[in-house]
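In what follows, a single structure is set out as structure tokens and then discussed.
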Amino acid sequence: MSRFAVTFDYLCPFARIANEIVVRAQEDGGPVHEVQWRAFSLSQVHLEEGAAPVWETDPPPSGVLALQWGLAVRDRFPERFPAAHLAVFSARHDQGRDINDPEVLRAAVASAGLDPREIARAVAEGHPAKALADDHTWGVKEHGVFGVPTFVAGGRAIFVRLMQRPADSASARATLDRVLDMVTGWTDLNEFKATRTPR
């Protein structure tokens, strides 16, 4: 078992792959990892200097409402978070739906067995916006995070792009173990990037 954090923004297809791998790896039957799911807003990264943070604006920029819904589930219903997390990613990347639309988010959390009214109330109360501010600031200030997905473990933060969704929980576990070994076990590695992606 290892302890690590992984960042996410529902807008990013690579964050979807990495986060799905982490969720599916936990279903493999092996030791369960202790995972911190940390939101990171790509919209915040692309703000002009001096603009109000995305967690303070109304209406929120692209992807921010979805992050708030995800964080509301993470913090209030952690046992349902993996299913809701994957449902929001699926709405965006499989179904091509607009995750800025509250009705899309309602359907996603309902598919994970949650009452969408409870999640909407939690978002309206404002805690998820604060949680987003805390997560994003933690990533940037503590670990130099600049994008998603970033794995944080053993004092290192590594931006990782994986190309394949997991075929099953065993392949997810193998991929996650390899990533974590490179993050924590090979401290000489700074960058390893393919110049071309064979397809």
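Residues in the range 2-36 that are in contact with a strand residue (DSSP E or B) (Cβ under 8 Å, 6 or more places away or on another chain) and part of a loop (DSSP other than H, G, I, E, B): 4 in all. When restricted to residues that are closer than 15 Å to Trp186 by Cα and either surrounded by fewer than 17 Cβ atoms within 10 Å (Cβ to Cβ) or in contact (Cβ under 8 Å) with a residue 24 or more places away in the chain (or both), the range 141-158 contains 7.
Within the range 61-100, being free of Cβ contacts under 8 Å to residues at least 60 places away in the same chain, crowded, with 19+ Cβ neighbours inside 10 Å and not in a helix (DSSP H, G or I) holds for Gly63, Phe77.
Within the range 43-59, being part of a loop (DSSP other than H, G, I, E, B) and not hydroxyl-bearing (Ser, Thr, Tyr) holds for His46, Leu47, Glu48, Glu49, Gly50, Ala51, Ala52, Pro53, Asp58, Pro59.
Listed by position, the helices (runs of 4 or more DSSP H) enclosed by the range 106-185 that each have at least 2 residues that are among the charged types (D, E, K, R) and over 22 Å from Pro53 (Cβ atoms) are 116-125, 169-185.
Of all the criteria given as (1) surrounded by fewer than 22 Cβ atoms within 10 Å (Cβ to Cβ); (2) over 16 Å from the mean Cα position of the chain (by Cα), the one not satisfied by Ile119 is (1).
Every number in this text was worked out from the coordinates using simple rules, so none of it is lab data. Small disclaimer: the values here were computed from a predicted structure and weren't measured. Quick reminder, even Gly has a Cβ in these numbers, built from the backbone with ideal geometry, and neighbours come from all protein chains shown.
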